[in-house]
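**Q** Before I ask anything, here is the structure I am working with.
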Amino acid sequence: MLRSSLTLAGLVAFGATAQAQQAPTLNASKKMPITGAIRDAGIYHQATNTWTRKSQQADIGADIIYSNTLPTGYFYGLTGDTFIDEGRIPSPTSPTQTQGLQLSRPGCATSYTIDGVAFTYCTQDVTGGNFTLNFYQTYVPCATVIAVTPTGTVAIAGPSTPANGTTGCWVITVDLDPASGFVMLADGDGAFNGAVAGPAAGTPGAGDRFGWSMSSSLVGSVFPEGPVGAGFLGFNIPDSTVWDSPVNYLEEGTGMSTADQFRIEGGPFTPGCYFFGGGAELASFGLELFADACAVPPPGVGFCFGDGTGLSCPTVGCAGGPFNGATGNGCGNSLFPTVGTNLAATGTASISADTVVLVATNTPNSSVLFFQGTVQAGTPAGNGTLFGDGKRCAGGTVIRLGTKTAALNTTSYPQGADQSVSVRGAVTPGIRTYQAWYRNAAAFCTASTFNLSNGYQITWGA
C-alpha cells in the first residue's frame, strides 16, 4: 500500500496543503516537539470516572502483554481526525525470532482479557479533551476502521495543560471495570499465520495484528492535543512485556510487530497511510495493554492441615471449640480460632533461578520462624505430630531459614537482602518441606505459647 512521507518538512508541507481546506485556526503541522517531562497522571477508573492520583495500585492484570513505550520526543495533533495504529499479541504458535526487525516471542494463550490500558498523550488546551480508543482484531495495517465494530472501547477523560498554548504530557493508566474489559484474540485470530522459519521467521501474516484507533473531542481547537510517538526500529523489541526473557516491566520497549506506518481518516486531512520518511523512528504511538496472561502455577503443594482432616489439632477439645483451621490452613489460633495460619508460596522452584517466596497469612503480629525439612512428619507421612497448639509437619533434617515479625497478620521469607530459600536451605534437587512456627502467647485453649501453619512441600529442580 502506498504511504505518504511525514518527515518534519513533509509534515509542514502536508499541513500547509491541508490548511487551505480547513479553518485557518488549525496548526500547519501535526508533529510537535515535547519540551517538558511526561508526567504520570495516575489511575483512571473508567467505571466510576474517578482518579487515584500518584498511585500504582489498580485492579488490572499483572502482566504487560503489549508495550510501545520508547518516546520519540514528539506528539501528533488530532484535529478532528482518527489515527489508527497496530501491534501484535502473540499466541502459542508464534515463533521465537531474535534477529532483525521482526522480533517475536511465543505467547501462552490463544486469547487474553484486557483489563487495563496505558495511553500517553500531550495537550496544549487548558480544558483538555476526551480521548476514545477503539481496538480491532485481525487488523491489516493501514486499513480503514470506518463502519468496523470495535472489539473494545476505552474512554479517557484526562488532565489538561496549565495554560493554553503550553504543552502538558501525560501517561494515564486506565482501570477497566469488568463490564468494559474486553477479550482480544492472540495473533488476531488465535494462531500465528506468518513465517515461522528461516530469515523471515516472526514476520506477521495477514490478520496477525490488532488495530487500535484514537480520536479526541477537541475538534477544530486552536490548541492541539494528541498521542505521543513511540517506538524505534530494532530497539528493545519486545522488552517490558511478559514475553521478554527475563521479564523486566521497568524497561521501555517497541511494540511487537508494530509497523512503520499509521492511518489518518475521519477528519479534515486526506485519508491515507503515512510514515516519517524512514530512519529509526517508527510511525507509531505509545500504548500498553495489561492482562493476567500467563498464570504461574505455585511452586509446591500444602499438606498436614489443621482443618479437621488427619491428626486432630490440640485445640479440638477446648471450651468453645473445636478450634480447627479453615480448609488448607493450620490449627486455629487466638486471633483466628476458626481460620488458622496458612503457609503458601509463589515463584519458581529452580535452584539456578530461585524466585520462591514463602508467605504466612492469618498470624498474630508476632515473631514467625520459617523452617525447612526434608520429609513430611508423622505416621503416616504428612499426618504430622502434635506440637504446641498445632501440628509439626516438616521433619527430618531441619534448617531455620529466618525469623520475621508479622505486620497486618502477614509475613514472608525471603525479604530484602535475605538469602534465597534454596541458598539458605542448602537445597539440592529434590523434595523439601516447609512450615511457619509463630509466637501465640495470648490465653487460648492450651498452656502452649506457640502454634504452626500447615505444611508446604516443594520439589526443587536444578
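Read-outs throughout are calculated quantities, based only on the coordinates presented, and are distinct from any laboratory measurement. Small disclaimer: the values here were computed from a predicted structure and weren't measured. Here the Cβ positions follow ideal geometry from the backbone for every residue, glycine too, while neighbour counts run over all protein chains shown.
**Q** With θ set to phi - 60°, apply the Karplus curve 6.51 cos²θ - 1.76 cosθ + 1.60 along the range 247-257 and write out the HN-Hα couplings as whole Hz, x wherever there is a Gly or Pro.
**A** The phi angles translate into 6, 9, 5, 7, 6, 9, x, 9, x, 4, 6 Hz.
**Q** Would you grab the residues whose amide H sits under 5 Å from the one on TYR66? Only those 5+ places off in sequence or on another chain, please, with H modelled 1.01 Å from N.
**A** Counting only residues 5 or more places away or on other chains, the set is LEU289.
**Q** Return, for the Cα atoms of the range 174-229, the radius of gyration and Dmax in Å, separated by a comma.
**A** 17.5, 51
**Q** Taking the structure as given and computing Cα extents along the principal axes in Å, which label from [x] 99, 55, 36; [y] 90, 52, 38; [z] 104, 71, 41 fits?
**A** Computed from these coordinates, Cα extents along the principal axes in Å corresponds to label [y].
**Q** When the convex hull of the C-alpha atoms of the range 300-460 is computed, what volume per residue in Å³ does it have? The partial results should precede the final answer.
**A** Values: hull volume 14.9 nm³, N = 161.
Taking the convex hull of the Cα positions in the range 300-460, it is 93 Å³ per residue.
**Q** Right, another one. How big is the range 141-212 in terms of Cα radius of gyration and Dmax, in angstroms?
**A** Rg, Dmax (Cα atoms, Å): 17.9, 54.
**Q** Along the charge dipole of the chain, pointing to its positive end and built from +1/-1 on Cβ of Lys, Arg, Asp and Glu, which listed residue (THR50, GLY165, GLN457) has its Cα farthest out?
**A** Towards the positive end, the residue furthest out is GLN457.
**Q** Quick one: angle between helix 8-19 and the longest Cα principal axis of the chain, in degrees between 0 and 90, rounded to 10, please.
**A** The angle comes out at about 60 degrees.
**Q** Report the per residue volume, in Å³, of the convex hull enclosing the C-alpha atoms of the range 82-225. Don't skip to the end; give the middle numbers.
**A** Working: hull volume 18.4 nm³, N = 144.
Given the Cα convex hull of the range 82-225, per-residue volume reads 127 Å³.
**Q** For the chain, calculate the relative contact order in percent as a whole number, restricting contacts to Cα pairs under 8 Å that are 6 or more residues apart. The partial results should precede the final answer.
**A** On the way: 1373 pairs, mean separation 77.1, N = 462.
For the chain, the relative contact order is 17 percent.
**Q** Continuing with this model, one more query. For ARG209, which sequence-distant residues (separation of 5 or more, or a different chain) have an amide H within less than 5 Å of its own amide H, given hydrogens modelled in the peptide plane?
**A** TYR139
**Q** Only four residue types carry charge here, +1 at the Cβ of Lys and Arg and -1 at the Cβ of Asp and Glu. Report the dipole size of the chain about the Cα centre in Debye, rounded to the nearest 20.
**A** Roughly 1080 debye, rounded to the nearest 20.
**Q** Please list, short to long, the whole-number percent of alpha-carbon pairs of the range 338-408 in consecutive 10 angstrom bins beginning at zero.
**A** Distribution as computed: 17, 45, 33, 5 percent.
**Q** Once amide H atoms are placed 1.01 Å from N in the peptide plane, what residues at a sequence separation of 5 or more from ALA230, or on another chain, have their amide H within under 5 Å of its amide H?
**A** Close amide H contacts, sequence-distant or interchain: THR72, SER284, PHE285, GLY286.
**Q** Rounded to the nearest 500, what is the chain's calculated 222 nm mean residue ellipticity when only DSSP H runs of at least 4 contribute -39500 (n - 2.57) each, over all residues? Present the calculation step by step, with values, prior to reporting the outcome.
**A** On the way: 2 runs with 16 residues, N = 462.
One gets -1000 deg cm²/dmol as the mean residue ellipticity at 222 nm.
**Q** From the backbone phi of the range 390-400, what are the Karplus-calculated ³J(HN,Hα) couplings (6.51 cos²θ - 1.76 cosθ + 1.60, θ = phi - 60°) in whole Hz, Gly and Pro given as x?
**A** Couplings: x, 10, 7, 10, 8, x, x, 7, 9, 10, 7 Hz.
**Q** Taking trypsin sites (Lys or Arg not before Pro) as exposed when DSSP calls them loop (any state but H, G, I, E, B) and at most 16 other Cβ atoms lie within 10 Å, what is the longest stretch of the chain free of them, the sites themselves excluded? Walk me through the intermediate numbers first.
**A** Numbers: sites that count: ARG53, LYS54.
Answer - 55-462.
**Q** Additional query: Could you go through the range 221-234 in sequence order and give the Karplus-derived ³J(HN,Hα) for each residue, using 6.51 cos²θ - 1.76 cosθ + 1.60 with θ = phi - 60°, rounded to whole Hz, and x for Gly and Pro?
**A** With coefficients 6.51, -1.76 and 1.60, one gets 5, 6, 9, x, 8, x, x, 7, x, 8, x, 9, 4, x Hz.
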